[in-house]
Number of protein chains: 2
Amino acid sequence: MPAVYEGAVQDLIDELGELPGIGPKSAQRMAFHILSSDTASVERLIDALRAVKARVRFCTTCGNIAEAEQCTICADPRRDQSVICVVEEPKDVVAIERTREYRGLYHVLGGAIDPINGVGPDDLRVRELFARLGGEVGEVILATDPDVVGEATAAYLTRMLRTMDVPVSRLASGLPVGSDLEYADEVTLGRAFEGRRRVDA
Amino acid sequence: MPAVYEGAVQDLIDELGELPGIGPKSAQRMAFHILSSDTASVERLIDALRAVKARVRFCTTCGNIAEAEQCTICADPRRDQSVICVVEEPKDVVAIERTREYRGLYHVLGGAIDPINGVGPDDLRVRELFARLGGEVGEVILATDPDVVGEATAAYLTRMLRTMDVPVSRLASGLPVGSDLEYADEVTLGRAFEGRRRVDA
């Protein structure tokens with residue numbers, strides 16, 4: 001869509017359009033919403049934007065988002081220091097925390113190995129992961145996404161971690177709870193067979 | 001989705017989630033994008049937000065967005081002062097301007113009559129429209145959306161405008177150019193029959 005509004009409105013549409021997943025139509029709708037909302041709520045948005053840039057950084061240990069040198073998880077002595085769960089993004093940490101099942105530490109890679117998009121192991125926090133191994137760590141859980149790049153990353157890390165003397169596991173793939181077998185895709189169903197567990201023992 | 005991130009990030013997700021069409025997942029994706037983008041680009045977004053609130057207002061004549069007392073269209077003496085095209089929103093003005101077919105003036109209602117959502121004629125710029133009639137104005141074109149509320153608004157305005165001595169027209173409904181008759185919905189196809197024009201004359 002070409003620039004069609006007057007100065008300031010078009011500038012705002014352009015800036016909003018830079019955000020991920022925001023096309024020109026959404027940017028336009030958002031700009032008009034901002035135009036007609038009161039100044040106080042726009043100032044709250046501006047303060048939130050500034051605060052994120054000023055206060056939020058990445059945990060020097062695990063790469064998760066943090067408002068201090070370390071994130072709240074790494075800084076919590078009650079977390080099990082002997083397990084590291086490797087994820088792609090900080091939002092994966094949030095997803096796992098929501099289960100309340102896991103009490104260990106995390107390691108955020110900052111993405112997945114994706115040669116097509118030019119992302120290699122050196123672009124991720126792989127070296128930082130190896131630096132954390134040895135000593136207390138008794139298990140590494142690979143929790144990258146079960147998609148092509150996530151699986152490739154897990155395979156790469158599995159191979160590299162063989163040199164270290166630490167057990168490595170991968171999250172189970174299978175049928176989602178509450179789903180319908182009839183509608184499962186072949187790959188997921190295949191994985192569910194492969195990972196079947198005895199229930200009579 | 002409950003608040004799961006630390007302070008500043010969650011605040012930003014909450015503020016972004018206030019924008020129209022932005023659910024919690026999109027807000028999260030946008031927040032992480034902002035987190036990892038450079039400060040200069042975030043400052044550009046902030047400046048654009050501030051500029052819109054500081055500089056943009058609504059044209060006192062037609063209700064379109066403007067950066068002065070009047071919008072550029074009302075202030076342009078080359079526009080045909082004898083035709084007023086009534087639309088719901090400023091973005092409709094942009095859509096019509098893009099056709100380069102129309103050289104008259106506009107009147108932006110600020111919405112459509114929608115009793116279910118509590119929007120009556122008094123909530124729109126209907127009085128301001130009547131104040132502009134008389135004198136030079138020789139035609140009012142109703143260009144509200146061809147949906148339920150837009151049609152209701154056009155019907156209401158048609159009835160009210162009967163008291164004024166001014167011709168009123170409505171944009172044609174029919175098959176979109178480049179579309180396929182087979183896939184047209186019944187209502188649109190019905191309208192296309194209703195509005196058929198002789199081509200042999």
Boolean, A:Ala75 is assigned to a helix (DSSP H, G or I), out of contact with any Ser or Thr (no Cβ under 8 Å at 6 or more places or on another chain) and either more than 30 Å from A:Gly120 (Cα to Cα) or without any contact (Cβ under 8 Å) to a residue 24 or more places away in the chain (or both): no
Residues within segment A:133-153 that are part of a helix (DSSP H, G or I) and either touching a helix residue (DSSP H, G or I) at 6+ places or on another chain (Cβ under 9 Å) or open to solvent by 40 Å² or more (accessible area, probe 1.4 Å) (or both), tallied: 5
Exclusive hit being within 27 Å of A:Gln10 (Cβ to Cβ), buried (at least 17 other Cβ atoms within 10 Å of the Cβ) and within 14 Å of chain A (Cβ to nearest Cβ), set B:Glu89, B:Glu69: B:Glu89
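Can you find a residue in segment B:78-88 that is under 27 Å from A:Thr39 (Cβ atoms), in a loop (DSSP other than H, G, I, E, B) and not hydrophobic (A, V, I, L, M, F, W, C)?
Of segment B:78-88, the ones under 27 Å from A:Thr39 (Cβ atoms) are B:87-88.
Those still in the list that are in a loop (DSSP other than H, G, I, E, B) too: B:88.
Remaining after also requiring not hydrophobic (A, V, I, L, M, F, W, C): B:88.
So far as segment B:78-88 goes, yes, one or more of its residues are under 27 Å from A:Thr39 (Cβ atoms), in a loop (DSSP other than H, G, I, E, B) and not hydrophobic (A, V, I, L, M, F, W, C).
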Segment B:14-40: number of residues that are over 15 Å from A:Arg55 (Cα atoms), more than 7 Å from chain A (Cβ to nearest Cβ) and assigned to a helix (DSSP H, G or I): 6
Count of residues meeting criterion [part of a helix (DSSP H, G or I), of a type in the set (D, E, K, R) and within 27 Å of A:Pro115 (Cα to Cα)] in segment A:154-201: 3
Of residues in segment A:154-201 being touching a residue at least 12 places away in the same chain (Cβ under 8 Å) and either small (Gly, Ala, Ser) or in contact with a Cys (Cβ under 8 Å, 6 or more places away or on another chain) (or both), the one most open to solvent (accessible area, probe 1.4 Å): A:Ala172
Odd one out for A:Leu45 among (1) part of a strand (DSSP E or B); (2) facing another protein chain (nearest Cβ under 8 Å): (1)
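The values are calculated or read from the model by the stated rules, or taken from the named source; none is laboratory data. Everything quoted here is computed from the prediction, not taken from an experiment. Don't worry about glycine lacking a Cβ; one is built from the backbone with ideal geometry, like all the others, and counts go over all protein chains shown. Side chains included, ligands, DNA and RNA excluded: accessible areas come from the protein's heavy atoms. Shrake-Rupley method; radii C 1.70, N 1.55, O 1.52, S 1.80 Å.
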